[in-house]
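Read through the structure below, which is laid out as structure tokens, and then see the notes.
Each reported figure results from applying straightforward, stated rules to the coordinates on display, with no laboratory input. Because the structure is a prediction, the values reported are computed rather than measured. Counting neighbours? That spans all protein chains shown, and the Cβs are built from the backbone with ideal geometry, glycine included.
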Amino acid sequence: MKILNIILFFNLIAYPVFSQNYGNCDKPLPIEEIFLHTDRDRYITGEKIWFKAYCLENDSLISEFSKVLYIELFDVNKNVYLQKKYELSKGTASGSLLIPENINSGNYFLRAYTLYQRNFPVENLYTQVISIINPENKSQEIENIQQPDKTKFEKLNNSKSYKFLSIKTTKSKYHQREKIKLKIDNFDEITDMSISVRIKGSGYDKETIKKLFARNHWLHYYIENNKIDSSSHNFNKKNILKNVNDLKWIPEIRYLTLSGIVRKKDTEEPVPNLTCISSVISKKPQIHLTNTGKDGRFVFSFNNLRGEHKLFVGVKDNSDDETEILINNNFTSDFPEIQNIPLIYDDSLNKIFETIFLNYQISKKFKPVNNKNAFSIYNHSFSGFNLGNPDIVIDLKTYIDLPSLEDIIRELIPGVNIYGPRGERGISIFSKREKKTYKDPLILLDNIPVFNIEKLLLIDPSLIETIEVYNSRYILGNHSLNGIFSVKTKTNNFASYKWADNSVFVSLKTLD
């Protein structure tokens, strides 16, 4: 019979409280912290790491500040093997990470943080060590490293006593995937709890934790009796930002964001007060507008994106060859000073990993059918294009062929006109509802903003499927749109239309 450990994590009894008074700071910014509760500490390649994350803020138990969690797996040489994003709901996130099958055996670092935390020293990001064995790899030479003679540990300041719990099960033996009922007494003060069940020995004991902690003092761990000793990472108060104007990374208070900078090509100087437009290329497209700040930076916040998406970012009302757009990577590329941690492996651990490997092979061969998700699926109200439905739709297959897009506009689309001399032409839209003509509406080609009308008018009409018109003024955030003129093509390459250098297409991995 397999022996399992039941590990419980309570997010009330061991959270540090940081002072909100930092020197001469009138209104210091809040401090966020992440804690990651994993199902165990030892894995083999190809397995999933199951986790629950908690986001804490100042002296509060749960933070509702940030809405996106970033998790990554890297080694002592700072090679990153895995990067994922998860939604934080009411300060928590749950999910799993698939360990790559081709990585070598060794100790790896699992790091979790919010975008807002990137404004602070990288040593303060939650990081823990996990041991991964690749049973298919040949044995490797292990480096001999002398451990330090002394290690300093600090006790928690906000926990004066232990909390003893009585945990009972209804049975002593269980079958695979059988429901386990637990009776837990004496937890009246606990407001939230995570439970993980694992094979005995697949987690670190106290001595192993001390050895891991000794070589990298910035690591967060259960140090004494599985309590969180967050004070040991020495939060650097000198680096606390004074106010919101010092922020480089804006907190994601609504959803996933994309940020960057617009600068001049020749001088690399930032360009302020420009209108930037972003579009999500999807079956449920989104259009977003924002302005660059005085430092040329911009931020877009998207709605309910899952998986990988193609995005467009462009600059409106700017010459083609004047500016360029640089997109930020929300994952940090900074690492603390890492000391190598030798992989501890003996006969007892060999038996544990053999059991883990056997269970993994059986689970892989005979996958159970799950009809119910382990975690709740967040329900969002966003259902489609964030600009609503068009007022006019022209399906070109119901009309005779015309030689140019300009002819189509003049002959078939009521209320839409082309004005200006050749080389400087524009499009105007008349709103019956408002009895007003609007110039310079938002022009879309397959839901991507277009800024060069002359190039748009050169598109072969035979490649166009439909034309849609929104003939009312739209308010989108802090911006107003003088209507929308949208061209949908039959192609998958935008009818060979080419955007200028002040526009970029990026591939963005969104939430898992």
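Observations on the structure shown:
- In segment 392-499, Cα pairs under 8 Å separated by at least six residues give a relative contact order of 28 percent.
- Integer Hz, Karplus 6.51/-1.76/1.60 couplings in order for segment 492-500, x for Gly and Pro: 10, 10, 6, 6, 6, 5, 10, 7, 7
- Under 19 Å from the I327 label point (7 Å along Cα→beta-carbon), backbone N, segment 84-98: 84-86
- Between L182 and S462, the distance separating the two model label sites (each 7 Å from Cα on the Cα→Cβ line) works out to 6.9 nm.
- Here the Karplus curve 6.51 cos²θ - 1.76 cosθ + 1.60, taken at θ = phi - 60°, turns the phi angles of segment 349-364 into couplings of 5, 4, 5, 5, 5, 5, 5, 4, 5, 5, 4, 5, 5, 5, 5, 6 Hz, with x standing for Gly and Pro.
- Sorted by Cβ neighbour density within 10 Å, fewest at the top, the residues L412, L73: L412, L73
- Pairs beyond 21 Å (Cα-Cα), from K84/K310; K265/K439; K316/K490; K294/K316; K316/K439: K265/K439; K316/K490
- Extension gain (nm, one decimal) between Q361 and K488, 0.36 nm per residue minus Cα-Cα: 40.8 nm
- Residue exposure sequence - F485, F35 - by fewest surrounding Cβ within 10 Å: F35, F485
- Remark: segment 250-327 carries a charge dipole of roughly 560 debye about the Cα centre, counting +1 on each Lys and Arg Cβ and -1 on each Asp and Glu Cβ.
- Rounded if a/c under 1.5, otherwise prolate or oblate - segment 322-365, Cα gyration tensor axes: oblate
- Rounded to the nearest whole Hz, the Karplus-based 3J(HN,Hα) values (6.51 cos²θ - 1.76 cosθ + 1.60, θ = phi - 60°) of segment 29-45 follow the sequence 6, x, 9, 9, 9, 10, 10, 10, 9, 9, 5, 6, 10, 10, 9, 10, 4, with x at glycine and proline.
- Legend: ranking of residues F335, F109 from fewest to most surrounding C-beta atoms inside 10 Å; resulting order F335, F109.
- Computed over segment 457-512: relative contact order in percent, which uses C-alpha pairs under 8 Å that are six or more apart: 32 percent
- Between F430 and R306, the contour length at 0.36 nm per residue exceeds the Cα-Cα span by 40.9 nm.
- Note on K294/D334: beta-carbon distance plugged into 1/(1 + (r/R0)^6) with R0 of 25 Å gives a FRET efficiency of 0.50.
- Here the extension length gained between D501 and S172 equals 111.7 nm, from 0.36 nm per residue of separation less the Cα-Cα distance.
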